[in-house]
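For reference, the structure discussed in these notes is given below.
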Amino acid sequence: MPAPSPVPPRKPVAAGGKGSPGVAALLSWVLPGAGHLYVGQVGAGLLCFVLVQGLYLLGLRLGDGMGFEYLDVELRSLFAPALSPEVGNLGGFLYQMQHYGFGPGFPRPYPEWLRVGSALTAVSGLANLVVIAHAHWLAGTAVRATRWSESAHAALLSTLVLPGLGHWLQGRRRRAVVVCVMLVGLFALGTLLAEGTNLSRERHFYYWSGQFLLGGPAILAEVLFGKARVASEIAYVDAGLVFGCIAGLLNILAMIDVYGWSEWKLLGVPLRASRHQAKGAA
């Protein structure tokens, strides 16, 4: 039996970044594009600001800033809305809380485009996760991906479009299929059990917020089936809400995984890198 091949040595960490990754990430969280300005990427910073903040402001305009008025009165507190996807764009989130908050204190009619508006503010928060990851990478190293499949922020974006897509583009096909089938399947099962009521932010604010982290499948399902009416008691609605929410939360782990793989591929820095090098990525 031939002896196993020696494990290749870990590649050295490539430095040469233009600042502190933590500072770049924090600045991008507070104000989209600020982290890019910090590392000297003025054009990219302005583009990120226009796109991400533009989505948020458009959402506020369409929904008249009423997105957090979905919350029941007893749930309205200073920290309750921080569990929503909007907090990914902290600057936009704080602006909404300061200028709109929970409304005037009495019920008022929802505008026609409120569902679209609140979805856009949530998408802005998710989009800023990609901006934060890109600024973090630019600040930490001078190494740049030569292919889309090796780019950390591209992998994050792909995973938000469809769970498992980032893994697929990285060449990890088996893991991509497992992630996609498990997460999208869990979300579909939850939607079936809840009879589509999980797609309503008005009914289930917190469960919807967790579920929205699934990205593309959750957005598509809401567009197609988000106006489900409740005509009778739904027997398994609680299980459906939990399943949908867990699917979204697990997608955060998938995003962390694809970002870490990009670090390993280009820099060789994550934990257990030698195991991946010896056995190959799944």
| said: Charges at C-beta only: +1 for Lys and Arg, -1 for Asp and Glu. How large is the resulting dipole of the stretch 144-282 about its Cα centre, in Debye rounded to 20? | reply: 700 debye
| Burial order of peptide ranges 36-43, 230-237, 219-226, 207-214 (average beta-carbon count within 10 Å, highest first) | 207-214, 36-43, 219-226, 230-237
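Of the peptides 150-163, 89-102, how do they stack up when ordered by the mean number of other Cβ atoms within 10 Å, highest first?
150-163, 89-102
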| Going highest first, how would you order 27-34, 166-173 by mean Cβ packing within 10 Å? | 27-34, 166-173
| task | Quantify how much of the Cα-Cα distance distribution of the stretch 41-120 extends past 17 Å, in percent. | result | 46 percent
| request: Kindly point out which whole DSSP H helices in the chain project their C-alpha atoms 24 angstrom or further along the helix axis while averaging a Kyte-Doolittle hydropathy of -0.5 or above. | output: 114-140, 173-193, 237-266
| field | Given (i) 27.4, 120; (ii) 16.5, 48; (iii) 20.7, 78, the label whose value is Rg and Dmax of the Cα atoms in Å derived from this model | value | (iii)
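Rounded to the nearest 20 debye, what is the charge dipole size of the chain about its Cα centre when +1 sits on each Lys and Arg Cβ and -1 on each Asp and Glu Cβ?
Numbers: 21 positive and 14 negative charges, 271 e Å.
With Lys and Arg at +1 and Asp and Glu at -1, about 1300 debye.
No value in this document is a laboratory result; all are computed from the given coordinates. Just so you know, these numbers come straight off a predicted model, no measurement behind them. FYI the Cβ positions are ideal-geometry reconstructions off the backbone, even for glycines, and counts take in every protein chain you see.
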